[in-house]
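Report on the structure given below.
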Amino acid sequence: FGTAPLRCVPATIMAAEKNHWGSVVLLSLCVLVAWANFLCLPALFGELETDMSLSPSQMAGVGVARNLFLFGLSPVVGSLADGFSRKYTLMLGMMWYGIFTGLMATAQNFTVLTVFSGLCGIGMSAVFPVTQAIISDRVREGSKGLAFGILGSTRALGAVLGTLFATSLTTPHGNSTVMNASSVTTFALYQEPHSQMWRAVLHAEGDFTLAEGEGEVEEEQTPDVYLWGVSSWRIALAMIGGLTFLMAIFIPFAAKGETKDPCEEKCIEGCRRRKKMTEDEAAEHATLIAKRDEERALEKEADNTPLKQKVKRILTTKTLMLIICSGMIGTMPWDAFSFLILFLETIGNKSIIAGAIFCAVTFGLIVGTVVGGIIVDKVGKKYPLKGRVALGQGGMLLGIPFVVALFLLVPPEPKWDWLYGILGTIAGLCIPYAGLVNTCFLTEVVDPKLLSFAFAVDRLFEGTTGSFGGLLVGLIAQVTGYKKGIKSEKNAEALAFGLLVSTAGPWVISSIVYTALYFVFPKEKLAEDKRRAEVEQKRKTLSMKLGKGGTEETESPATGLYPDSVYVEEERSKRNLSPEGSIQ
């Protein structure tokens, strides 16, 4: 599995790492609010159905418009973030997202609602890829798994809170009971509410529905919940949109994606007080400006690869391509799991019991994401080349026995609900590893200056194909004998078979594709480490030529590399050892 280099870590580096966790927490709060906003809309489909007289297919169209802009523009926004400023791109994206979410509350017809929903997708496209890139800049190697685990768990938690917030202000109506129950199923699955859309379309075609009683539902309904004379869904969107906008204000304080050196800060401060300078201060300021310009030229000459070639290098990175291919298939089970509540209801459980069982799965997933991040870091330190590949592949394979037990071995009866809950919780604890491993891999084989773009490309392909997981469940269940409007054993078996095929099958295929990373990732990781070291060495050489003597061996903000001499000298000074002394 490869060996990790034995290297002492100075106290100064550890202190800097601890200082960055504040940024991780605040950025995670931004993601929490963003995903609460994202899952708020599907939870309000029932109110939209009654207040605006929207059909299920129209409600699905509102979500599809948002997802098209979200996935389609992610690479564009990611490249802008890498070339402009990650923290300000994230801030503007959150503000944009909050503004148009609030404007959705003013929509009076389907067309306006769909347009605003699509514009919301533009803002959302900046949130997760850019946040991942900033956290990669702010956290050092050996702790990135935990940082990404915290980010993923808060994302799931935010989706939970968003769903609960929206449903607490609304009351389900008629067929919208299915829609609201469905919206509660995807909140922790790291996926967008595609399944609600597929179920809405199938429901509109008369193929898929779950009756909550007998008798016909009246066509015209009025919303039961008003706040201050306004429909509750409008209040919910306005409040969550305002919270999203306010959260964006704190991003510049939390997300320091670009590191300013002291010289740059002194130049900015000098420009502000130029009129009040003495002659000596003005001369010092001119020297600082010249030094800043030299540093900029130095950085450009040290890594002068054209942007076009860098992007091409990303798109030809075999590790990234394998992660995308594996993820395009491996993310389908997350969306397929959105039918779990419907399955639990079909075997005879009440909605509240089915929701409670799924909450257990959610709890396991949230905890498993954080714990998984810690394990990924520990495995990465001990076996940096192939250990995490085995961990990610094992996580996918470990999920297969649990879904087989859930949908094939456990009798489909309400008296076995406790076993469904236990198996679901354990599965949630075990299966988040592949996503965490993939994120860490990208930070190690991709140029740090282009991470936002790399994450966005990965998001584009995985999000698009992963959305077909719910559709696959519905089609398989329909082919194997699912009949609408009844709760029967045959329907339960059809749904169970659809869930089993749509989860275990993609995991098996994805794990097979993942095997290639054992051979590809180590080579590309070592090549990227060598490239970064060469850039750093070239920078030092140029610095010496410019008369700086090469004595300032500091961390490179882009790469986070520290020369061995820095480790040695700091450890010697820490222990008061002579140059001939040894480090133990």
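Taking θ as phi - 60° and the Karplus parameters 6.51, -1.76 and 1.60, the scalar couplings of region 334-340 work out to 4, 6, 5, 5, 5, 8, 5 Hz in sequence order, x denoting glycine and proline. Phi angles of region 235-252 translate, via the Karplus equation with coefficients 6.51, -1.76, 1.60 and θ = phi - 60°, into HN-Hα couplings of 4, 4, 5, 5, 5, 5, x, x, 5, 4, 5, 5, 5, 5, 5, 8, 4, x Hz per residue; Gly and Pro are given as x.
Dividing the mean sequence gap of close Cα pairs (under 8 Å, 6+ apart) by how many residues region 311-548 holds gives a relative contact order of 39 percent.
If the segment from residue 480 to residue 318 were pulled out straight at 0.36 nm per residue, it would be longer than the present Cα-Cα gap by 54.4 nm. The per residue volume of the convex hull around the alpha-carbon atoms of region 311-548 is 131 Å³. Coupling constants for region 105-110 follow from the phi torsions by the Karplus curve (6.51 cos²θ - 1.76 cosθ + 1.60, θ = phi - 60°), and in residue order they are 5, 9, 5, 10, 8, 5 Hz; glycine and proline get x.
Take the Cα pairs of region 358-483, get the Kirkwood Rh, then feed it into Stokes-Einstein at 25 °C and 0.890 mPa s and tell me D in µm²/s. If you can, show how the numbers build up before the last one.
Numbers: Rh = 16.8 Å.
My calculation gives 146 µm²/s for D.
Taken together, the values in this text are just the output of simple stated rules run on the coordinates, not laboratory data. Everything numeric here is computed off the predicted structure, so don't read it as measured data.
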